[in-house]
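A short worksheet on the structure shown next.
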Amino acid sequence: MPQPQPLRISFVCTGNICRSPTGEVIFRELAARAGVGDRFEVMSSGTHGYHVGEGADPRAIAALAAAGYDGSHHRASQLSELEVNEYDLLIALDRGHEAILLSRGVAPDRIRLLTEFDPERPNDPDVFDPYYSDARAYAEVLEQIERSCVALLAHLTAKELS
């Protein structure tokens, strides 16, 4: 019996050097640790091409490393037509990214705000952009992304089983 195609997920933020690569790295690692990594094709991109080809922000890499993740291999990319037209799920890190995805023609049922999965249910549905902040902000953003990714993975694997 043929294996089902992996669910294609892209985490989307502005420049693809802080929030979305953090989501990509964490979700991929959580799926691998859970033994379901082969069920997902995970990437990230930015709505803008400010940093295409660059690595993740060093502060994001440091926050990931401190939490046991390796973000050193990330290279920034801009949101592609492939993602817009063919990816199964686009995870927006804030409402501005969600609006851009909608304006690019992504069907609303293929877009989710990451904070929808945050078990702490923050009042602000946007994941804070730590780019102009310090290392502490990166660690706090990582914690929010991590707990949201744990819940997202649980949601997707439960959905797959039903």
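None of the figures in this text is laboratory data; all of them are computed from the coordinates on show. The structure presented is a predicted model; accordingly, all values stated were derived computationally and were not measured. When we count neighbours, we look across all protein chains shown, and the Cβ atoms used for this are built from the backbone with ideal geometry, even at glycine.
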Pairwise centroid distance, computed over Cα atoms, of the stretch 121-154 with the stretch 39-72, Å: 14 Å
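Which value at 222 nm does the chain reach when only helices count, each DSSP H run of 4 or more adding -39,500 (n - 2.57), with the total divided by all residues and rounded to the nearest 500 deg cm²/dmol? Write out the running numbers ahead of the final one.
Numbers: 5 runs with 66 residues, N = 162.
It lands at -13000 deg cm²/dmol.
Hey, got a sec? Which chymotrypsin sites (Phe, Trp or Tyr not before Pro) in the stretch 91-162 land in a DSSP loop and have at most 11 other Cβ atoms within 10 Å? Walk me through the numbers on the way to the answer.
Details: sites: F117, F128, Y131, Y132, Y138; in loops: F128, Y131, Y132.
Hits after loop and neighbour filter: Y132.
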Dipole magnitude of the stretch 56-141, debye to nearest 20 (Cβ charges: Lys/Arg +1, Asp/Glu -1, about Cα centre): 140 debye
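Work out the length of the dipole vector of the chain about its Cα centre, built from +1 on the beta-carbon of each Lys and Arg and -1 on the beta-carbon of each Asp and Glu, and round it to the nearest 20 debye.
180 debye
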Long-range amide H partners of S77 with built H, under 5 Å: G46, G53
Mean Kyte hydropathy of 0.0 or more with a Cα span along the axis of at least 18 Å, helices from DSSP in the chain: 135-161
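Taking only C-alpha pairs under 8 Å that are 6+ residues apart, what is the relative contact order of the chain in percent?
In percent, rounded to a whole number, it is 26.
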DSSP-assigned coil residues among chymotrypsin sites (Phe, Trp or Tyr not before Pro) in the stretch 23-81, each with at most 15 further Cβ atoms within 10 Å: Y50
Loop-located GluC sites (Glu not before Pro) in the stretch 107-162, at most 14 other Cβ atoms within 10 Å (DSSP): E120
